[in-house]
Amino acid sequence: MAYAAEHGRFLGDETPRGALVWGPEGWTEAQLTLLGPITGRRILEIGAGGAQGARWLASQGAEVVALDISHSMLRHARAHSPVVPLVQADAARLPFANASFDLACSAYGAIPFVADAGAVFSEVARVLRRGGRWVFSVTHPIRWAFPDAPGPAGLVADRPYFDRTPYVERDEDGTPSYVEHHRTLGDTLRALVDSGFRVVDLVEPEWPEANEEIWGGWSPTRGRLIPGTAIWVCELL
């Protein structure tokens, strides 16, 4: 599939143990250790895509389940991660028992593509054990105010940060083929608190000097001036 062909190497397809990459900046869980202790923990990766992150977590001694709604992404995951259990399901309707995981994570998966993020957060809270950590990354919401362009044109705000109208791409018949939802930092904070989480940290990773890759609107030009990714680190009360 096109996405895997373009980004699979960056995300860890070709690395024997995979990689949990938090965003286009390239920072990994091995570098940031946002999940805390992993060995022996039962972990759910939501919106796992090719399950590169789940494969890395398994290599660290975790018991991992990788969940995604896309059959094609899970088929790609099976080819690269044969030992990781894969589940096809809606992130807002997790097919797991209450308090069945120690940790949950998502790297640019599911959250931006659902209309009701609170429904996902509530489901994550349901399947986590008390004190369990929920770490997820999304496009930094400040980017909503800027054109999705990697060069200088992408540094001039041209729309309201507060406009929550979803971004929609349509096919030739007018049917939506891609939808992404915008939430302000406050929107996400309130949804997390309402779902029973406390926010431990909000990481806004800086662009590494060594990363010269361009990924859509993410680039060194923009990444060294404005944040591109927000990583929420939360714990269930």
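Coordinate-derived values only; no laboratory data. Quick caveat: nothing in here was measured; it's all calculated off a predicted structure. Cβ placement follows ideal geometry from the backbone for every residue including glycine, while neighbour counts extend to all protein chains displayed.
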ask   = To the nearest 0.05, how large is the calculated FRET efficiency for ILE226 and ALA115 if R₀ is 30 Å and r is the Cβ-Cβ distance?
value = 0.70
message = Check which residues have an amide H placed less than 5 Å from ALA99's amide H, if you skip close sequence neighbours.
response = VAL127, LEU128
request  = Please say if the chain is rounded, prolate or oblate, where rounded means a/c under 1.5 for a ≥ b ≥ c the square roots of the C-alpha gyration tensor eigenvalues, and otherwise the choice is prolate for a/b larger than b/c and oblate otherwise?
outcome  = rounded
query = GLU63's amide H: which non-local residues (gap 5+, or another chain) put their own amide H closer than 5 Å, with H modeled 1.01 Å from N in plane and none for Pro or chain starts?
reply = GLY40, ARG41, ARG42, ILE43
key: Contact order relative to length of the range 183-237, as percent, for alpha carbon pairs under 8 angstrom and 6 or more apart   = 46
note = Lys and Arg at +1, Asp and Glu at -1: neighbours of SER70 with Cβ under 14 Å from its Cβ sum to -1
Relative contact order, percent, the range 90-236 [alpha-carbon distance under 8 Å, six or more residues apart] = 29
task = Give me THR39, THR188 ranked fewest to most by other Cβ atoms within 10 Å of their Cβ, as a rough exposure proxy.
result = THR39, THR188
task = Net charge near LEU128: determine it from the other residues with C-beta under 12 Å of the C-beta of LEU128, scoring Lys and Arg +1 and Asp and Glu -1.
result = +3
request  = Return the whole-Å distance between the Cα centroid of the range 53-87 and the Cα centroid of the range 184-237.
outcome  = 23
key: Phi to ³J(HN,Hα) by Karplus 6.51 cos²θ - 1.76 cosθ + 1.60 over the range 136-147, Hz, x for Gly, Pro   = 9, 10, 9, 4, 4, x, 4, 5, 4, 7, 10, x
ask   = Counting Lys and Arg as +1 and Asp and Glu as -1, what is the net charge of the other residues whose Cβ lies under 14 Å from the Cβ of ALA191?
value = 0
note = Applied in sequence order to the range 201-217, the curve 6.51 cos²θ - 1.76 cosθ + 1.60 (Karplus, θ = phi - 60°) yields integer Hz couplings, x standing for Gly and Pro, of 7, 10, 9, 10, x, 6, 6, x, 4, 7, 8, 10, 6, 10, 10, x, x
